[in-house]
Amino acid sequence: MAEQASERIRIDATRERCLEVVLDFERYPDWARDVKQVTILERDEEGRGARVEFRAAGLGKSFRYTLQYDYSELPTAFSWELLEGEGLRRLDGSYRFEPEEDSTRVHYELAVDIAIPLPGLIKRRAAGMIMGTALKELKKAVEAPSP
């Protein structure tokens with residue numbers, strides 16, 4: 001059974017800056033602690049990653065998974081769904097971006113179904129940890145001074 005989680009955070013940057021960071025998949029290993037490697041398998045007509053393979057660490061294991069991205073709601077939102085993954089049955093989610101004066105409210109929704117047999121409480125905590133960590137790391141990466 002998939003665990004659903006949603007969270008939001010305010011980032012002191014424009015929506016465009018948030019999108020710049022979150023859509024630069026190849027740079028995820030630089031700022032997303034659990035993401036170890038990213039490979040763009042297919043790009044859309046705008047050059048964005050349409051089918052992206054990730055290698056990530058979590059729960060003491062290494063996972064490979066491939067996500068398919070849908071950008072039809074940009075610049076307001078985008079979403080993804082799991083195409084295939086080791087140890088995962090579902091990893092579907094979305095980001096939504098709401099400008100607020102000089103900042104952006106980022107909403108993150110995620111549905112996770114881990115194939116490893118774990119109690120429901122542990123799965124719920126894992127989903128919450130993935131989301132909380134991802135948003136905090138995104139905020140830090142977006143708000144960091146540009147090199």
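Bear in mind that the values in this text are calculations on the coordinates, not laboratory data. Keep in mind the model is a prediction, meaning the values are calculated, not measured. Note that each Cβ is placed from the backbone with ideal geometry, even for glycine, and that neighbours are counted across all protein chains shown.
Relative to the current alpha-carbon distance between D70 and A57, full extension at 0.36 nm per residue lengthens the span by 2.2 nm.
Excluding I40 itself, calculate the net charge of residues whose Cβ lies under 12 Å from the Cβ of I40, where each Lys or Arg counts +1 and each Asp or Glu counts -1. For residues surrounding I40, the net value is -1. Of the trypsin sites (Lys or Arg not before Pro) found in the range 1-45, the ones in coil according to DSSP and having at most 16 other Cβ atoms within 10 Å of their Cβ are R33. First select every other residue whose beta carbon is under 11 angstrom from the beta carbon of A77; then total the charges, Lys and Arg +1, Asp and Glu -1. Taking every Cβ under 11 Å from that of A77, the sum is -2. Residues W80, W31, ranked from the fewest to the most other C-beta atoms within 10 Å, line up as W31, W80. Give the cross-link partners of K140 among the aspartates and glutamates, using a straight C-alpha distance below 12 Å as the criterion and excluding same-chain residues fewer than 8 apart. Cross-link targets: D12, D30. Extending 7 Å from the Cα toward the beta-carbon at both R33 and E7 defines two label points whose distance is 1.1 nm. For every other residue with a beta carbon closer than 9 angstrom to the beta carbon of W31, add +1 if it is Lys or Arg and -1 if Asp or Glu, then tell me the sum. For residues surrounding W31, the net value is +1. Excluding same-chain neighbours fewer than eight residues apart, the aspartates and glutamates reachable from K61 by a Cα-Cα span under 12 Å are D34, E86.
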